[in-house]
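**Q** Quick one: the structure is below, and I'll ask about it shortly.
Throughout, read-outs are computed from the coordinates displayed, never taken from laboratory work. Small disclaimer: the values here were computed from a predicted structure and weren't measured. For neighbour counting, all protein chains shown are included, and Cβ atoms are generated from backbone atoms with ideal geometry for every residue, glycine included.
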Amino acid sequence: MACDTKPVYLKVFNFNTPGWETLTSSTNCATSTDFTLSSNITADLSYYYSPGQYWVFARVYQDWGNSTLKTDYADISFGAGAASFLSLGNHTAGQETNKFEISENSLSNPELYNFKLTASGGDVSVTSVVIQLYDIRGFVSSDITAPKIYLDADNDGMVDGEETTQVGGTGNVSISGSSGTITFSSSFSVSLGDHNYILRAETVSGIDPGDQISIMLWHQDITSDASGTSGAAAPALHMRQGGTSGGASIGTAGQVYSPISGGTEEGGEEIGGEVPDGGDEGGGTPGGGTELVRFIIISFDF
Ligand SMILES: [Ca+2]
Ligand SMILES: [Ca+2]
């Protein structure tokens, strides 16, 4: 019977369900004519062999009652699926911009860092993620509370109201001097394909003028069962301008904090050049000229 009347199925027994699972089927074959059904299983291989005995059960099946479907060739190869691989890269919507350009000294639910994970060859189980904090000025561990990694389901770079899926648990913040980490140690699965994530803290406090923090994630700091990992996501820099030190006498350059790793002498000179406008009022607080502070964007190529 042609299989456009009754489809022919290739099925395998799943010991986890347990039950027969359709791998593929055909509705496009002629009567008494050879055709091929083939499929690969690449994930959860242990579901498909009998526990402890390593038998695989497959069948070709057509449901039409009183005759025999003949198969003249069956081939099942069983082994490790395609090696899974985990790539880390920039979030589809880009990196977070500076969140500390504020006049208050605390923030609720600031989104601090974006990244993307891509699993290929199979699902990847991630057991820990360690996000690096560096070039820190003016923060201690307790200033950042309850950081969490949210799945950005619509890839728009924001944690929207309905986006409540978190991975990795609540991060543990550890800052010592100018460097630190946020460690996420609850396991989570990265399914095949691209997934964008956003690091958001419940609160960041102690954001004083001149404070700053840089954030970055490298693939070496992701622990998983992938056969390999690669990549990095671009750094984010959050800094609050100001923090003048010393008022500066009339007509001389005041001092403005610039990014620890990004400032250049050139930038400093330009800022100083604006100060004489203060005239009799004194050097005052020349920190307002944000457009004069230069950032160096460092790209990483692994
Ligand atoms: Ca501070
Ligand atoms: Ca979103």
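**Q** Give the residue list of chymotrypsin sites (Phe, Trp or Tyr not before Pro) in the stretch 1-64 that are DSSP loop and have at most 13 other beta-carbon atoms within 10 angstrom.
**A** Passing sites in the stretch 1-64 are F35, Y54, W55, W64.
**Q** Now a separate question. Are there GluC sites (Glu not before Pro) in the stretch 89-175 that DSSP puts in a loop and that have at most 10 other Cβ atoms within 10 Å, and which ones?
**A** Here the GluC sites (Glu not before Pro) that fit, given the DSSP loop and packing criteria, are E104, E162.
**Q** If packing is taken as the average count of other Cβ atoms within 10 Å, what order do 185-191, 137-143 fall into, highest mean first?
**A** On the way: 185-191: 15.3, 137-143: 16.9.
Top of the packing list down: 137-143, 185-191.
**Q** How much length is gained on full extension from F35 to D123, taking 0.36 nm per residue of separation minus their Cα-Cα distance?
**A** 28.6 nm
**Q** If you don't mind, another one. Using +1 on the beta carbon of Lys and Arg, -1 on that of Asp and Glu, and nothing else charged, what's the dipole of the stretch 85-239 about the Cα centre, debye to 20?
**A** Dipole size: approximately 420 debye.
**Q** Please report Rg over Rh for the stretch 104-249, where both radii come from the alpha carbon positions and Rh follows the Kirkwood definition.
**A** 1.02
**Q** List the relative contact order of the stretch 85-239 as a percent without decimals, with contacts defined as Cα pairs under 8 Å and 6+ residues apart. Intermediate values should be presented prior to the final figure.
**A** Values: 452 pairs, mean separation 62.4, N = 155.
RCO, the stretch 85-239: 40 percent.
**Q** Out of residues 5 or more away from S84 or on other chains, whose amide H comes under 5 Å of its own, with H placed 1.01 Å from N in the peptide plane?
**A** S227
**Q** At q = 0.17, 0.24, 0.25 Å⁻¹, what is the base-10 log of I(q)/I(0) for the stretch 115-163 according to the Debye formula with one equal point scatterer per Cα and no solvent? Please give it to two decimals.
**A** These q points yield log10 I(q)/I(0) values of -0.83, -1.14, -1.15.
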